[in-house]
Amino acid sequence: MGSSSALFFLFLLLLSAAADYAPARVRVGVILDIASVTGMRLQTSILMTVDDYYSAHPNSSTRIELHFRDSPGDAAGAVSAAEDLIRNAHVHAIIGPQTAAETEFVAAVGSRSRVPVLSFSATAPPMSPSGRPFLVRTCADDASLAAAVAGVMGKFAWRRAFLLHEDSPSGSAIVTALADAVQEVGASVVGFNQFIDVSGDSTSGTLKVTGYCIDVFDAVMKALPVSYRYVPFNGSSTSYDELVRLVAEQKADAVVGDVTITSSRMGEVDYTMPFTGSGWSMVVAVQRETSTSMFFFLKPLTPSLWFASFAFFVFTGFVVWAIEHRVNPEFRGTPAQQFGLIFYYAFSTLVFAHREKLESNLSRFVVIVWVFVVLILTSSYTASLTSMLTVQELRPAETDVAELVRRGDYVGYQEGSFVPGELKKMGFHEGKLRSYSTPDQYADALNKGSANGGVAAVFDEIPYLKLFLSQYCDGFAMAGPVYNDAGFGFVFPRGSPMVPDVSRGIVSLTESDDLALIERKWFGTPGACDGRSDSMGSSGSLSFWSFSGLFLVTGVASGLALVVYLATFVYRERDELRAAESGAGSVSLRRLRAWLQHYDRKDTRCRTFKHSDDDGSARNVIDAMQKQGAVTDEAMRKSCFSGSDDSAMAADSPTEEKVENEVRSPAIKRPMEEANAALATQGKPSLKFLMNGDETTE
């Protein structure tokens, strides 16, 4: 309701001004996150406001011309939209954007181009016209809420409260105002003081400054010949920006604290390199992984990788069979035998047990490439299975943010944080977000789980998650991606020679163990949790994408070999194929039938079948002659194999020709005639009829 009222007011302001100066057109840009629910509502409200005004003032000589742009919810998109409106749409004013973080950057663009920016979200005091002369705020700042909060604390006699806020101009705006307001009701505000803490020394009456940032700065400055002293900053309504401005105005030589590096501040001062990251991630409960499933051996590979492996096994076996079928007797037989051979040969390569001799160089090339792929697949599978059986059994219950969104699980965040806005951008529904304010609440919600009134994961900034894990290391772990930002840095005046020296000191501190020791001192020892999380995530299933390059190589090799073979077959057998295409039926079917029948025959020009057929015919004659006793073994050895001849091949068909037509070699024909003559003198059947299964004589 407050935003709608503010929008209506600022439109009346624009329209009234337009009526007074009577311009023909007033071009107004509007920057919103149009894809969000709030953005769609604001867009509808703005359009309705304009319609309502012109309904009430039909004779107005002005006309508002709206130009909507999508941010979409981030500072970079908002700046790009503002520049587009100013340069291309030539707007007279800009309304929006939705968040204070975006407004900070858009206001800078508007001030530089002298285009007013009317904001209904700039609630932080630093967003005042004094800092941004072309920024017009239509809402109250956050500091105005301090009195109300203090009144609630006084009503219930609360004497102490912990304040969690975002380290940004909008997040820190209320800190000082709230601290002053609650003092009037006898209460105090306590924040996270692990970074900077100022306390009084009762013995000496002096102030003592401690904290993580102080220890890091002291460790860096040990190597530099510089003396310094800390002066606590009491703060004001402008908080961190005002603190940074002290350096720009030469009222302080440096700023040490949890000051986030931002583009707006870098225009006034110089930052050292970050000494800690202030990104955000998620913490989840861990669960005990059991390996008692009877199908646990399938887990090292994802279903997509199993399916792809099976498909390429079959495809490789088919390619080898297709190339070898006409030239290799080991790849012939009944249809059932050939079908089984395709599977057997391909899968026998899995354990390198294939024994079939290959005759074609194309099929040898295919097998060489495939065996290389199989070697990598089997080695990876063995390593992954071994890792799953030997690593610790505790694993994060959730690791994939997209899966949380898909299932519609409840997730948590720190109350007052910027994280909910980011979660909505990632696809989480607003009704699935739950806010918490203490580590105890984090632990309780994670233990309950999403289905029992808790959450599946809690999203927060990394420093706070580390503090949580230092207290609740057992049973929880950080998981998922880390969304980084610029981090914390020390502040120095522009052009200060101290910046490179201090930055080098931070690098040296990072390379040594000193920074880790300081972090452990203030944030506890969550290293065991982090290490466990890393080891737990290292034994995941292997995905298809990890081996897609290998499958591409073997697929291209096999496909290319098959294409080359088919092209060679069609070209070499073109005359026989044309002769076999005659007959009844459609031309396409006759051609396909003729080609398949011709393909199924032996290649009579192949030396493999030529030698095997000659030798086989000779052995059949020898066996028959020895059976009748027509000749002795010695005579067979002298006559049957006294010479050899490359004779023509017999056709491979279901009914073979008679033996006398099959045997044409003189080396076999001569002893056969001698054997028949010897059989005739004994009154026995001739050899050729005996071999045909006929016991009668000629």
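The values are calculated or read from the model by the stated rules, or taken from the named source; none is laboratory data. Being a predicted model, the structure only gives us computed values, none of them experimental. Cβ placement follows ideal geometry from the backbone for every residue including glycine, while neighbour counts extend to all protein chains displayed.
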Subject >> Top-ranked residue of segment 446-467 - restricted to ones that are more than 24 Å from Cys213 (Cβ to Cβ) and of a type in the set (A, V, I, L, M), ranked as surrounded by the most Cβ atoms within 10 Å (Cβ to Cβ) >> reply: Val458
Subject >> Odd one out for Phe134, checked against (1) touching a Ser or Thr at 6+ places or on another chain (Cβ under 7 Å); (2) at pLDDT 80 or above; (3) buried (at least 21 other Cβ atoms within 10 Å of the Cβ); (4) not aliphatic (A, V, I, L, M) >> reply: (3)
Original post:
Picking from Ser61, Ser71, Ser80, which residue would you name as being over 22 Å from Val117 (Cβ atoms) and either out of contact with any strand residue (DSSP E or B) (no Cβ under 8 Å at 6 or more places or on another chain) or not β-branched (Val, Ile, Thr) (or both)?
Top reply: Ser61
**OP:** Could you please tell me which pairs satisfy a Cβ distance under 7 Å, a separation of 6+ or placement on different chains, a first residue in segment 540-553 that is among the hydroxyl-bearing types (Ser, Thr, Tyr), and a second residue that is in a helix (DSSP H, G or I) and surrounded by 14 or more Cβ atoms within 10 Å (Cβ to Cβ)?
**Re:** Ser543/Leu305
Original post:
Can you pull out the residues in segment 316-349 that are among the charged types (D, E, K, R) and part of a helix (DSSP H, G or I)?
Top reply: Glu324, Glu330
Subject >> Tabulated pairs, segment 349-374, first in the same structural domain as Ser558 (by TED's automatic domain parsing), second outside any helix (DSSP H, G or I) and modelled with pLDDT under 80, C-beta under 9 angstrom, 6+ apart or interchain >> reply: Glu359/Cys606; Val367/His354; Val371/Phe352; Val371/His354; Val374/Phe352
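To keep it simple, each residue is scored yes or no on (1) crowded, with 17+ Cβ neighbours inside 10 Å; (2) of a type in the set (A, V, I, L, M); (3) farther than 30 Å from Leu517 by Cβ.
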residue	(1), (2), (3)
Ala402	no, yes, yes
Arg407	no, no, yes
Leu423	yes, yes, yes
Met426	no, yes, yes
His429	no, no, yes
Thr438	no, no, no
Asp444	no, no, yes
Leu469	yes, yes, no
Ala477	yes, yes, no
